[in-house]
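Take a look at the structure set out below.
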Amino acid sequence: MASRVLTVLGFETSCDETAAAIVRRDPDGRGFILANQLLSQISEHRAYGGVVPEIAARSHIRHLDGLAAAALDDAALTFADLDGVAATAGPGLAGALIVGLMTAKGIALATGLPLIAVNHLEAHVLTPGLTEGLRPPYLVLLVSGGHTQTLGVAAVGEYCRYGTTLDDALGEAFDKTAKLLGLPYPGGPAVEQRAASGNSRRFDLPRPLVGRDNCHFSFSGLKTAVRHVAETLGTLTDQDIADIAASFQAAVTDTLTDRLGRAMDRFLADFRPADPVLVVAGGVASNQVLRHAIGALCAARGFRLSAPPPELCTDNAAMVAWTGAEHLARGTASPLDVPHRARWPLDRNAAPAPFAGVKG
Ligand code: KG4
Ligand code: ZN
């Protein structure tokens with residue numbers, strides 16, 4: 001373990017956020033964000049109703065250098081003050097990942113700084129170490145546009161995946177439902193807002209996998225059921241949209257809490273923690289109805305609920321820089337020919353989820 005202060009520059013370009021940040025890790029393991037620059041590409045993708053990989057990659061190329069310079073400026077540092085450079089190397093969109101990783105490699109080659117290729121999932125999972133000094137073991141629920149997983153964190157670098165999605169990610173299900181209802185992208189906030197004035201009992205939508213003896217998730221059947229309801233109604237009134245949104249959100253809530261409850265069982269059996277903690281991360285975790293249900297489940301099961309601040313819950317580069325610093329502190333860095341990995345499961349030993357599609 002490093003007995004010196006480590007200052008790391010990190011890049012995030014795995015999807016539709018271009019980000020550069022600088023984090024300091026003290027020898028006692030505490031972390032501080034010195035700079036956190038981020039540019040969301042949402043407006044560039046909105047017209048297409050989802051992320052267009054080629055547009056994402058080109059936009060990263062246009063903006064990353066400027067954000068890196070701004071981060072160094074914010075922290076009043078130069079490359080000479082850094083101890084390492086980290087970049088998300090996967091999982092994510094290949095063309096997008098390459099931009100951040102190659103930029104970090106270029107800096108490492110030019111300056112001699114160690115390079116750390118970071119797993120994006122690990123960066124989400126380790127964020128509470130930066131934001132509140134949380135130490136393993138803890139349980140994580142990661143629900144974003146690209147991921148839906150429950151993970152037990154045993155130590156930095158040691159993860160146990162309990163559940164993953166067999167098809168769509170939860171954020172993706174919100175986005176597709178929004179699209180079906182004619183609501184704007186990204187769909188999650190729009191669905192939540194419409195659901196607030198809807199009747200969640202009007203449509204009896206499926207609760208996928210509820211009661212099954214595993215921790216996995218599945219959302220594509222629910223999305224198909226929503227499509228069926230919308231097509232049966234034909235032209236949708238504002239009240240129809242609100243009622244479908246509310247019924248969808250209720251189905252998601254029931255499924256998520258059932259699946260998460262199973263993961264809690266597994267986590268408690270594996271770690272027997274005196275003070276169990278559940279960390280929620282990812283854009284979907286900002287949904288207030290879901291958050292409330294998760295809070296109630298935690299209270300019932302004796303877990304403390306921890307959520308990093310919203311801007312560190314969604315994609316950002318501070319989590320990447322922090323993960324780089326955590327690895328550097330343990331003496332691990334990456335070779336300069338480390339590849340990007342569009343798929344990169346965090347738990348190498350996890351059995352493939354049955355019938356898992358690309359998100360498994
Ligand atoms: O973590 P995030 O910002 O980016 C990644 O996907 O990595 O998550 C974005 C996802 C989108 O699918 C968006 O629709 C969803 O999070 N989301 C929500 C809400 N806010 C964002 N889903 C449900 N309710 C929300 N309030
Ligand atoms: Zn993410």
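Compared with the dominant Cα axis of the chain, that is its longest principal axis, helix 120-132 is turned about 80°. Between helix 170-180 and the chain, what is the angle of the helix's C-alpha long axis to the longest principal axis, kept within 0 to 90° and rounded to the nearest 10? Taking the Cα atoms of the chain, the angle to 170-180 is about 50 degrees. So what is the 222 nm mean residue ellipticity for the chain from helices alone, if each DSSP H run of at least 4 adds -39500 (n - 2.57) and you divide by all residues, rounding to the nearest 500 deg cm²/dmol? One gets -14000 deg cm²/dmol as the mean residue ellipticity at 222 nm. Panel note: the C-alpha atoms of the range 58-182, placed on their principal axes, show extents of 47, 40, 24 Å (largest first). In the chain, taking the dipole from charged Cβ atoms about the Cα centre, the farthest positive-side position among P53, A269, A89 is held by A269. Within the listed set L109, L260, L82, the residue fluctuating most in the Gaussian network model of the chain (springs between alpha-carbon atoms under 10 angstrom) is L109.
Of R201, R330, the sequence from fewest to most neighbouring Cβ atoms within 10 angstrom is R201, R330. Applying 0.36 nm per residue to the separation of V338 and S197 and subtracting their alpha-carbon distance, the gain on full extension is 45.8 nm. For the chain, modelled as a GNM whose springs connect Cα atoms under 10 angstrom apart, the maximal fluctuation among A75, A104, A117 occurs at A75.
Arrange the following residues from fewest to most other Cβ atoms within 10 Å of their Cβ: S306, S14, S59, S144.
S306, S59, S144, S14
For H63, neighbours were defined as the other residues whose beta-carbon sits under 13 Å from its Cβ, and their charges (Lys and Arg +1, Asp and Glu -1) total -3.
Return, ordered by residue number, the residues of the range 117-151 whose backbone nitrogen is under 15 Å from a label point located 7 Å along Cα→Cβ of R301. Counting backbone N atoms under 15 Å from the label point, the list is 138-143, 149-151. How many percent of Cα pairs in the chain exceed 37 Å? Percentage above 37 Å: 19. Helix 318-329 and the longest principal axis of the C-alpha atoms of the chain enclose an angle of approximately 50°.
Computed log10 I(q)/I(0) for the range 125-247 at 0.09, 0.12, 0.16 Å⁻¹: -0.33, -0.54, -0.82, from the Debye equation with unit scatterers placed on every C-alpha and solvent omitted.
To the nearest 20 debye, what charge dipole does the chain have about its Cα centre, counting +1 at the Cβ of each Lys and Arg and -1 at the Cβ of each Asp and Glu?
Computed about the Cα centre, the dipole is about 660 debye.
Separation of the range 238-284 and the range 290-347, taken as the distance between their Cα centroids, equals 18 angstrom. Segment N349..T257, full-extension length gain: 30.6 nm, with 0.36 nm per residue of separation and the alpha-carbon distance subtracted. Can you find, among G163, T148, I98, the residue sitting farthest towards the positive end of the charge dipole of the chain, where Lys and Arg contribute +1 and Asp and Glu -1 at Cβ? Of the listed residues, the answer is G163.
Arranged from fewest to most other beta-carbon atoms within 10 Å of their beta carbon, M319, M264 become M264, M319.
Bear in mind that the values in this text are calculations on the coordinates, not laboratory data. Computed from a predicted structure; not experimentally measured. Note that each Cβ is placed from the backbone with ideal geometry, even for glycine, and that neighbours are counted across all protein chains shown.
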